[in-house]
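First the structure, which I've put down as structure tokens, then a few questions once you've had a look.
The values are calculated or read from the model by the stated rules, or taken from the named source; none is laboratory data. Being a predicted model, the structure only gives us computed values, none of them experimental. Virtual Cβ from ideal backbone geometry, glycine too; neighbours counted across all protein chains shown. These area figures cover heavy atoms from the full protein model, side chains too; ligands, DNA and RNA do not enter into them. Shrake-Rupley method; radii C 1.70, N 1.55, O 1.52, S 1.80 Å.
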Amino acid sequence: MIRVYFVGSGGGSPSFRGLPAILVKREGWSVLFDCGEGTQWRLMKYGLGLTSLDAVFVTHMHGDHVLGLPGLIESMGLLGREKKLYVGGPRGLREFLTESFKWTRFNPPFPLEFVDSLEVGGMSISSFPSCHTIDSLGYVVKEKDRVNLNVERLRETGVKDWRVFRLLKEGKSVEVKGVKLDPETYLTTRRGVKVVYTGDTMPCEQVIRAAEEADLLIHDSTFLDEKEAHSFGHSLARDAATTASKSHVKALALFHISARYRDASPLVQDARRFFPHCFLAEDVSFYDVRA
Ligand SMILES: [Zn+2]
Ligand SMILES: [Zn+2]
């Protein structure tokens, strides 16, 4: 199970919705996606853990997604963090952080390791190009599949030797008293869940492909019916819903809602005409993703 916190669900400038930030937690590991201004304040206020973050991934270099990051890293340092922080993002992120630290006279007292992808806490994180007005990435978080041995079934056949159990679990065939036991007969695979976050994007093929069969798709839904949405590099709520439907996802979270919608319910109503299982991401709410 992966728990997804919508720390901030708006876009552009802060309003009654915070700027984009999504916290993904699994078994004590936590990874932040995007870090708009105000993110560290929210992580602290709601007890979501600031110093415990393992990694931060940024989708693109627009200010609403990245301006909170230098401050977040500086606070981690002031709070005495020592463990390494993994950081991933588009071209320019490393330079942006280095320059910010240089001019604010801050030297992180813990290592920053820049990565393109990562495996932590039984999850793999990888990126894909999304379709915005500048270089931008979306992210796929995939929980590892879990292979279990059906011990009951083996016991029914009279096998109790743990060494046999181990070999079968490793995918090897075993011969016991002249009977060949095949792993396929006794292994069950529990599929890990998949979460996809698009960042800012207009609808496009890359996103549809990356989101294929996701358990949760978090998609740019900046506007309801803005004619210029695509030329701004954004999506309408119904674009997000159409992508969700084409990608056969299980659930869709409408995210990056423009500050112009004090009441965003028309976005979700419109999206549901194209993909029923969708909801509005609300600030400081969470969603459990189960297979
Ligand atoms: Zn944005
Ligand atoms: Zn943007």
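Rounded to whole Hz and in sequence order, give me ³J(HN,Hα) for the range 20-28 from the Karplus expression 6.51 cos²θ - 1.76 cosθ + 1.60, θ = phi - 60°, writing x for Gly and Pro.
Coupling constants for the range 20-28: x, 6, 10, 10, 10, 10, 8, 6, x Hz.
Shifting gears a bit: Probe radius 1.4 Å, ligands and nucleic acids left out: which of LEU187, LEU53 has the largest accessible area, and how do the rest follow?
Working: LEU187 45, LEU53 0 Å².
Result, largest first: LEU187, LEU53.
A further question on this structure: Over the chain, average the accessible area per residue using a 1.4 Å probe and give it in Å², no decimals. Before the final figure, lay out the partial values.
Working: 13820 Å² over 291 residues.
So the chain comes to 47 Å² accessible per residue, rounded to a whole number.
Which trypsin sites (Lys or Arg not before Pro) from the range 114-211 combine a DSSP loop assignment with at most 16 other Cβ atoms within 10 Å? Display every interim value, and only then the final one.
On the way: sites: LYS142, LYS144, ARG146, ARG153, ARG155, LYS160, ARG163, ARG166, LYS169, LYS172, LYS177, LYS180, ARG190, ARG191, LYS194, ARG209; in loops: LYS144, LYS160, LYS172, LYS177, ARG191.
When the trypsin sites (Lys or Arg not before Pro) of the range 114-211 are filtered for loop state and at most 16 Cβ neighbours within 10 Å, LYS144, LYS160, LYS172, LYS177, ARG191 remain.
ILE208 versus ARG94, label points 7 Å from Cα toward the beta carbon: distance in nm?
That separation, rounded to one decimal, is 3.5 nm.
If you don't mind, there's one more thing I want to ask. VAL147: accessible area at probe 1.4 Å, nearest 10 Å²?
60 Å²
Spelling out what I want: for every residue of the range 169-186, take phi, set θ = phi - 60°, compute 6.51 cos²θ - 1.76 cosθ + 1.60 (Karplus), and round to whole Hz; glycine and proline get x.
5, 7, x, 9, 7, 10, 9, 10, 6, x, 10, 8, 9, 9, x, 4, 6, 10
For a quick check: with amide H placed at 1.01 Å from N, whose amide H comes under 5 Å from LEU181's, ignoring anything fewer than 5 positions away on the same chain?
Amide H neighbours of LEU181, under 5 Å, 5+ apart: VAL174, GLU175, VAL176.
Let me ask something else about it. Note down the relative contact order for the chain as a percent, whole number, built from C-alpha pairs under 8 angstrom at least six residues apart.
The value is 18 percent.
Can you list the HN-Hα couplings for the range 267-281, worked out from phi with the Karplus curve (6.51, -1.76, 1.60; θ = phi - 60°), rounded to whole Hz and with x for Gly and Pro?
3J(HN,Hα) across the range 267-281, in whole Hz: 5, 6, 4, 5, 4, 5, 5, 10, 8, x, 8, 10, 8, 7, 5.
Taking 0.36 nm per residue of separation and subtracting the Cα-Cα distance, what length does fully extending GLU228 through SER265 add? Please report the intermediate quantities before stating the final value.
Working: separation 37, 0.36 × 37 = 13.32 nm, distance 2.08 nm.
Stretched out fully, the GLU228 to SER265 stretch lengthens by 11.2 nm.
Run through the range 190-291 and list the GluC sites (Glu not before Pro) located in a DSSP loop whose Cβ has at most 12 other Cβ atoms within 10 Å. Spell out each step's value before the answer.
Details: sites: GLU205, GLU212, GLU213, GLU226, GLU228, GLU282; in loops: GLU212, GLU213, GLU226, GLU228, GLU282.
Those satisfying the criteria are GLU213, GLU228.
Using heavy-atom solvent-accessible surface (probe 1.4 Å) with all chains present, what is the largest-first order of LEU78, LEU252?
Numbers: LEU78 140, LEU252 0 Å².
Ranked list, largest accessible area first: LEU78, LEU252.
Assigning unit charges at the beta carbon (Lys, Arg +1; Asp, Glu -1) and nothing else, what dipole magnitude in debye, to the nearest 20, does the range 146-189 show about its Cα centre?
Details: 10 positive and 7 negative charges, 32 e Å.
The dipole of the range 146-189 has a size of about 160 debye.
Here is a follow-up. Pulled fully out, how much extra length does the chain show between LYS83 and THR185, if you take 0.36 nm times their separation in residues and subtract their Cα-Cα distance? Could the numbers behind the result be given before it?
Numbers: separation 102, 0.36 × 102 = 36.72 nm, distance 4.34 nm.
Length gained, LYS83 through THR185: 32.4 nm.
Let me ask something additional. Working out 0.36 nm times the residue gap between LYS250 and ARG155, then minus their Cα-Cα distance, what length gain in nm do you get to one decimal?
On the way: separation 95, 0.36 × 95 = 34.20 nm, distance 3.66 nm.
Stretched out fully, the LYS250 to ARG155 stretch lengthens by 30.5 nm.
Okay, moving on. Please check which bits of the range 62-82 a label hung off TYR287 would reach, taking the label as a point 7 Å along Cα-to-C-beta and the cut-off as backbone N under 16 Å.
The answer is none.
Within the accessible area of the chain, what % is carbon and sulfur when the probe is 1.4 Å and the other protein chains stay in place? Let's see the in-between values first.
Values: 7020 of 13820 Å².
Heavy-atom surface of the chain belonging to carbon and sulfur, 1.4 Å probe: 51 percent.
In nm², what is the average projected area of the convex hull enclosing the Cα atoms of the chain?
Values: hull surface 71.0 nm².
For the chain, the mean projected area of the Cα convex hull comes to 17.7 nm².
By per-residue mean of other Cβ atoms within 10 Å, what is the highest-first order of 68-75, 244-251?
Details: 68-75: 20.8, 244-251: 18.5.
With the highest mean Cβ count within 10 Å placed first, the list reads 68-75, 244-251.
If the elastic network links every pair of Cα atoms under 10 Å, which of LEU154, LEU50, LEU224 fluctuates the most in the Gaussian network model of the chain?
For the chain, modelled as a Gaussian network with Cα springs under 10 Å, the answer is LEU154.
Moving to a separate point now. Tell me, which cysteines of the chain are without a disulfide-compatible partner by the Cβ under 4.7 Å rule?
CYS35, CYS278
Set the Förster distance to 25 Å, then compute FRET efficiency between THR104 and PHE16 from the Cβ-Cβ distance, nearest 0.05.
On the way: r = 30 Å, r/R0 = 1.18.
After rounding, the FRET efficiency stands at 0.25.
Using the Cα atoms as the points, what is the convex hull volume per residue of the range 146-189 in Å³?
Numbers: hull volume 2.7 nm³, N = 44.
Enclosed volume per residue, from the Cα hull, is 61 Å³.
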